[in-house]
Amino acid sequence: MPIIRSALAACVAATSSTPLLAQSPTLAPPRGSSVVPVAPGVFVILHPRATDNFPNGNSMVVVGDDGVLVVDTGYLPSVAREDIAWIKTLTPKPVRYVVNTHWHYDHNNGNADYRKAFPGVEIVAHRETQRLIALNSARYAAGVVVEGSGSRKTLEAYRTQLTSDTSLTPVERDTVRARIAQREREMEEMGTLAVEPPTRTFDRELNLRLGGRQIRLLHLARGNTPGDVVVWLPAEQVVAVGDLLVHPIPYAYNSIPHEWVAFLRGVDSLGARTIVPGHGPVFRDPAYLRQVTGLLESVVNHVFAGYRAGQTVDQVRAGFDFGPWRDRFAGTNDFLRRVFDGSIVTALVDRAFLAAGGGL
Ligand SMILES: [Zn+2]
């Protein structure tokens with residue numbers, strides 16, 4: 001089984017212009033990550049992937065006069081610990097707030113390490129995000145490590161491949177070794193995961209202050225999940241949007257497509273100069289935001305019209321020309337084209353069809 005050739009991890013390009021960091025040798029980024037300064041005292045941490053099938057979401061660090069706010073805490077707790085160590089080199093001020101943009105594990109498994117390092121920290125999220133983390137996270141982590149789990153089988157398959165596949169080139173062997181190391185680390189960290197759900201919740205909007213810095217948390221609609229929150233810094237014109245934006249392919253599984261479009265339009269109307277996605281590079285203009293909005297809106301309008309006309313979900317799917325959109329998002333990369341088909345052609349259409357029938 002040529003696992004190594006079956007799926008190349010989605011490659012996330014990082015914009016890595018770091019003039020502020022270059023001025024200070026003490027500000028080397030957290031190990032394995034890169035840091036993008038986006039405004040005075042505001043930094044985005046672009047993390048390495050956790051495994052070949054699980055990423056760590058981006059984090060954003062906002063340093064205020066009297067404390068620090070961190071948006072999202074990654075998938076592997078060890079990544080959160082690296083970030084915490086880096087924040088401590090940045091400032092002696094404590095992290096007062098952690099914001100979870102949504103409930104998915106790659107954005108909040110590190111919460112407990114922030115609590116440990118900064119006992120007074122408030123972990124802030126939408127009410128639904130708190131509920132879903134409390135409901136799902138411990139069960140998920142246990143499912144990774146349990147005997148016979150998919151993760152264990154994949155790890156065993158990599159080990160078998162390394163010992164018995166004589167066709168591997170030296171470079172491929174190194175890749176398999178690296179994947180084994182990542183999976184072993186994941187297994188260890190999920191086996192000891194401490195789940196720390198948010199401690200402060202809201203429904204629509206919450207305004208926080210860090211000294212003179214204003215931070216607005218907004219839930220404009222449901223979108224990628226039931227409790228998405230964006231973090232808007234009006235003075236700096238920076239917005240962190242979690243997985244409402246994932247680059248290079250939007251993540252539509254279990255989304256609420258028609259509300260997602262409305263949420264993205266609301267984000268666009270903020271007029272941010274810097275947009276921080278949940279995965280992918282920092283954006284300095286709204287082009288990708290508008291590209292995603294355009295795709296989602298086109299699909300939602302088409303699906304709703306087809307539903308009203310009495311078509312089946314498969315008829316609706318067959319009647320939409322995904323080709324130009326697939327080319328635009330995935331180019332000629334076969335792996336990304338498959339990701340697009342799974343997330344957009346299958347999941348997004350299914351979800352929009354459910355929504356059209358009032359089922360979401
Ligand atoms: Zn994510």
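The values are calculated or read from the model by the stated rules, or taken from the named source; none is laboratory data. What you are looking at is a predicted structure, and each value in this text was computed from that prediction instead of being measured. All Cβ positions, even for glycine, are placed from backbone atoms using ideal geometry, and neighbour counts span all protein chains on display. For the accessible areas, the whole protein counts, side chains as well, though only heavy atoms, and no ligand, DNA or RNA atoms are used. Shrake-Rupley method; radii C 1.70, N 1.55, O 1.52, S 1.80 Å.
Could you report region 285-360's accessible area per residue, 1.4 Å probe, as an integer in Å²?
Accessible area per residue: 48 Å².
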Long-range amide H partners of V99, meaning residues 5 or more apart or on another chain whose placed amide H is closer than 5 Å, are V70, V71, D72, V124
Of every Cα-Cα pair in region 61-217, the percentage lying beyond 19 Å is 60
For T166, the accessible surface traced by a 1.4 Å probe with all protein chains present amounts, in square angstrom to the nearest 10, to 140
Under the 7 Å Cα-to-Cβ spin-label approximation, T346 and K88 lie apart by a distance in nanometres of 4.4
HN-Hα couplings for region 75-88 via Karplus (6.51, -1.76, 1.60; θ = phi - 60°), in whole Hz with x for Gly/Pro, come out as 8, 8, x, 5, 5, 4, 5, 4, 5, 4, 4, 5, 4, 5
Each label sits 7 Å from Cα toward the beta-carbon; between A318 and D268 the label points are separated, in nm, by 3.2
Per the rule of 0.36 nm per residue minus the C-alpha distance, extending D285 to R159 adds in nm 41.0 nm
Per GNM of the chain with C-alpha springs under 10 angstrom, the most fluctuating residue out of I123, I133, I180 is I180
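In percent, what relative contact order does the chain have, based on Cα pairs under 8 Å that are 6 or more apart in sequence?
Working: 661 pairs, mean separation 53.7, N = 360.
Worked out over the chain, it gives 15 percent.
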Treating every alpha carbon of the chain as one equal point scatterer without solvent, the Debye formula yields log10 I(q)/I(0) values at q = 0.07, 0.08, 0.10 Å⁻¹ of -0.31, -0.41, -0.64
So the carbon and sulfur contribution to the accessible area of the chain, 1.4 Å probe, in percent, is 54
Taking a straight Cα-to-Cα line shorter than 22 Å from K116, and setting aside same-chain lysines fewer than 8 residues away, one finds K88, K93
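Quick check: residue separation of T332 and D66 times 0.36 nm, minus the Cα distance between them. What number comes out in nm?
Stretched out fully, the T332 to D66 stretch lengthens by 90.9 nm.
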At 4 °C and 1.567 mPa s, the Stokes-Einstein diffusion coefficient in µm²/s for region 287-360, with hydrodynamic radius from the Kirkwood sum on alpha carbon pairs, is 103
In whole angstrom, the spacing between the Cα centers of region 104-122 and region 293-316 equals 40
If amide H atoms are modeled at 1.01 Å from N in the peptide plane, then the residues at a separation of 5 or more from L245, or on another chain, having amide H under 5 Å from its own are G278
A correct Karplus calculation of ³J(HN,Hα) over region 112-119, with 6.51 cos²θ - 1.76 cosθ + 1.60, θ = phi - 60°, whole Hz and x for Gly and Pro, returns 5, 6, 5, 4, 5, 6, 9, x
Over region 150-309, the quotient of the Cα radius of gyration and 2.2 N^0.38 Å is 1.38
For region 233-244, in residue order, the Karplus 3J(HN,Hα) values (coefficients 6.51, -1.76, 1.60; θ = phi - 60°; whole Hz; Gly and Pro = x) are 9, x, 5, 8, 6, 10, 10, 9, 10, x, 8, 4
The extension gain from M187 to S167, computed as 0.36 nm times the residue separation minus the Cα-Cα distance, is 4.4 nm
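Rounded to the nearest 500, what is the 222 nm mean residue ellipticity of the chain from helices alone, with -39500 (n - 2.57) per DSSP H run of 4+ residues and division by all residues?
The helix contribution divided over the chain gives -13000 deg cm²/dmol.
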